[in-house]
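Working notes for the structure below.
The values are calculated or read from the model by the stated rules, or taken from the named source; none is laboratory data. Here the structure is a predicted model, which is why all the values come from computation and not from measurement. Please note: Cβ atoms are built from the backbone with ideal geometry, for glycine as well, and neighbour counts cover all protein chains shown. For the accessible areas, the whole protein counts, side chains as well, though only heavy atoms, and no ligand, DNA or RNA atoms are used. Shrake-Rupley method; radii C 1.70, N 1.55, O 1.52, S 1.80 Å.
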Number of protein chains: 2
Amino acid sequence: MRTFFHLWLSPVARKIRLILREKGLDFDPVIERVWERRPEFMALNPAAEVPVLIEADGRVLSDGTAIQEYLEEAYPDKPLIYGDVHQRAEIRRLVGWFDQKFNREVTANLVEEKVGKRLLGQGQPNSQAMKAGYANIHYHLDYIAYLMDRRRYLAGEEFSLADITAATHLSCLDYLGDVPWEGHEGARDWYARVKSRPSFRPLLADRVPGIAPVQHYDDLDF
Amino acid sequence: MRTFFHLWLSPVARKIRLILREKGLDFDPVIERVWERRPEFMALNPAAEVPVLIEADGRVLSDGTAIQEYLEEAYPDKPLIYGDVHQRAEIRRLVGWFDQKFNREVTANLVEEKVGKRLLGQGQPNSQAMKAGYANIHYHLDYIAYLMDRRRYLAGEEFSLADITAATHLSCLDYLGDVPWEGHEGARDWYARVKSRPSFRPLLADRVPGIAPVQHYDDLDF
C-alpha cells in the first residue's frame, strides 16, 4: 500500500490526494507536522515539506509538481493532463496560475496567515496581508467565470488537473469561509461541479484541530 | 522565427532560454518590462509575467513550468528530463527545489529586493530579507556539493533541467556578487562546468540597465 504524507490545508497536498483518487490509486494518508522536522521525515524529503508519496515498492517521491507529472507518466490510464501538446500546455499554464499566482496573491495571504501561523505559534495574522488576500480573490473568481463562459472545464472540454488545482486552493479558503461566492455565480457553479466529484469527499471530511470549518464547507448545495 | 519575452534576471525566463539553446531552437529574445502592463502583452499572458514564448506558427505559451514541459514534449530529441519515471521525478524534484524553495529562501530575498524594487521604483531593499538570503544560501550550496559527491550532475549521470534550473538562480545572484563561492568548492566546480556550456553564453552577456555585474560574472575561470 502507498503512504501519503500531507497536511489538512495544504493545497498542493490536496492536489495529489485528488489525483490519486481520480486515478483510483489506494493510499494511506498520514498527517505530517512538518514544523517538527522529524528526522525520519527529513530523510524522505530534505526539503521538509509535504506532499511526500511512498510507493508500495518503497520508492519515495516529493515535490508537488514532480509527483503530479510522475503520476501522469506512471499511471496514464485516466489522464488529467490530456490532449495534444498545446492543450497540455494550457492545462499546465492554469496549474501554474493557481499554484503560483493565486497562491502568492490569495492563499498565502489568508490560509498561511490564519492557519499556518496558528499551528506554528507565530502569533497574529498580518492584517495587511489578509486585506490584500480578500481584495485579490475577486479578480481570480472573475477569471474562473470568464473561462467557464467559454469552456466546459477550466482548461478545455474535459475535467483536468487545472480544475483540481484551482479547486484545492478554493477548498482551503472555503474551509475558513473566505470565498465571497455571492456575486461570483460563474465560479460557484464550476466549484459545485468539482466539489461533488467522489474524489473530493475526503477533503470535505478534513478537520483542522482547533479550527472548525464554516457551515457550508461540506455542503454540496452551498 | 520564435519570439521569446523575458527579463534580464528572471531565473525562470533564463531557464527557458537555456532549454531553447540546448535544444538548438532559434528565437528572437525581447525584453518585456512587465510592470508597464502593456495591453498587447497582457493579451498574450493575462498573468502579466515572463516568460512568454510565441512559436513560429503564432501559438502562444506562458508559465515557466508549462513551457518547460511543452518544449520537452514538442522537441524530444535532446531530452533535458531524461530516463525512467523515477529518474524523471528526481529531475523535477530538484527543479522544484530551486524554483520554489531556493527562490523563496534566497533569490526573492536578494534579487527581487535589490533589483526588482529598483526597477519598479519601490524604494530600498528590506535589510532583514537580504540578511536571510545571505544566511540561507550556504545551506543550498552545501546541498549542491553533497549531490556532486554522489553524482556527475545534480539529478544523475547526465546534464538535465535540474542543472539548468539551479544554475539560472545562481547566475542571477552571481551577477550581483552574492554567491559566496569561497568555502563552497563543490558547488563552484559544478557551476563552472554548467557556466562553460555554449548555451550559457547569452546569459553572461546580459546587462541590467544601471546595474553593472561583478567582475567575475562572465569569467569562465572565476
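Condition check ((1) without any contact (Cβ under 8 Å) to a residue 40 or more places away in the chain; (2) in contact with a Leu (Cβ under 9 Å, 6 or more places away or on another chain)) across all residues:
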residue	(1), (2)
B:Asn109	yes, no
B:Lys114	no, yes
B:Pro125	yes, yes
B:Tyr153	yes, yes
B:Glu157	yes, no
B:Asp178	no, yes
B:Glu185	no, no
B:Ser199	no, yes
B:Tyr217	no, yes
> Identify, please: which residue in the stretch A:131-151 is out of contact with any Pro (no Cβ under 9 Å at 6 or more places or on another chain) and more than 14 Å from chain B (Cβ to nearest Cβ) and is, among those, least open to solvent (accessible area, probe 1.4 Å)?
Replying inline: A:Gly133
> For A:Ala66, all conditions in the list (1) touching a helix residue (DSSP H, G or I) at 6+ places or on another chain (Cβ under 7 Å); (2) touching a residue at least 12 places away in the same chain (Cβ under 8 Å); (3) closer than 29 Å to A:Asp28 by Cα hold save one; what is the number of the exception?
Replying inline: (2)
> How about the stretch B:110-123: which of its residues are open to solvent by 30 Å² or more (accessible area, probe 1.4 Å) and under 18 Å from A:Lys101 (Cα atoms)?
Replying inline: B:Glu112
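Does A:Gln87 satisfy the criteria of being in contact with a Gly (Cβ under 8 Å, 6 or more places away or on another chain) and open to solvent by 30 Å² or more (accessible area, probe 1.4 Å)?
Values: in contact with a Gly (Cβ under 8 Å, 6 or more places away or on another chain): yes; open to solvent by 30 Å² or more (accessible area, probe 1.4 Å): yes.
Yes: the conditions hold for A:Gln87.
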>> Any residue in the stretch B:21-48 that is within 30 Å of B:Ser160 (Cα to Cα) and not assigned by TED's automatic domain parsing to the domain that holds B:Pro198 sitting within a Cβ distance under 6 Å of a residue that is in a strand (DSSP E or B) and of a type in the set (A, V, I, L, M)? List the pairs, counting only those 6 or more apart or interchain.
In response: B:Leu44/B:Val52; B:Leu44/B:Val60; B:Asn45/B:Val52
>> I'd like the full set of residues that are open to solvent by less than 30 Å² (accessible area, probe 1.4 Å) and over 24 Å from B:Asp218 (Cα atoms), limited to the stretch B:152-182.
In response: B:Ala155, B:Gly156
>> Please go through the stretch B:1-29 and give me each residue that is more than 14 Å from the chain's Cα centre (by Cα) and modelled with pLDDT under 95, ordered by number.
In response: B:Met1
> Going through the stretch A:127-139 one residue at a time, which ones are in contact (Cβ under 8 Å) with a residue 12 or more places away in the chain, within 20 Å of the chain's Cα centre (by Cα) and over 15 Å from A:Cys172 (Cα atoms)?
Replying inline: A:Asn136, A:His138
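If you go through the stretch A:82-118, how many residues are outside any helix (DSSP H, G or I) and in contact with a Ser or Thr (Cβ under 9 Å, 6 or more places away or on another chain)? Reasoning before the result, please.
Let us first name the residues in the stretch A:82-118 that are outside any helix (DSSP H, G or I), namely A:82-84.
Next, only the ones that are in contact with a Ser or Thr (Cβ under 9 Å, 6 or more places away or on another chain) stay: A:82-83.
Number satisfying all stated conditions: 2.
How many residues does the stretch A:150-170 contain that are of a type in the set (Gly, Ala, Ser) and farther than 12 Å from A:Lys195 by Cα? It would help to see each step written out before you state the result.
Within the stretch A:150-170, the first condition is being of a type in the set (Gly, Ala, Ser), and the residues that meet it are A:155-156, A:160, A:162, A:166-167.
This time we only want the ones that are farther than 12 Å from A:Lys195 by Cα, so: A:155-156, A:160, A:162.
Count: 4.
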> Can you tell me which residues in the stretch B:49-93 are closer than 15 Å to B:Thr165 by Cβ and aromatic (Phe, Trp, Tyr)?
Replying inline: B:Tyr82
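Yes/no matrix, rows are residues, columns are (1) under 17 Å from B:Glu72 (Cβ atoms); (2) facing chain B (nearest Cβ under 8 Å):
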site: A:Val30; (1), (2): no, no
site: A:Val52; (1), (2): no, no
site: A:Pro79; (1), (2): yes, no
site: A:Arg93; (1), (2): yes, yes
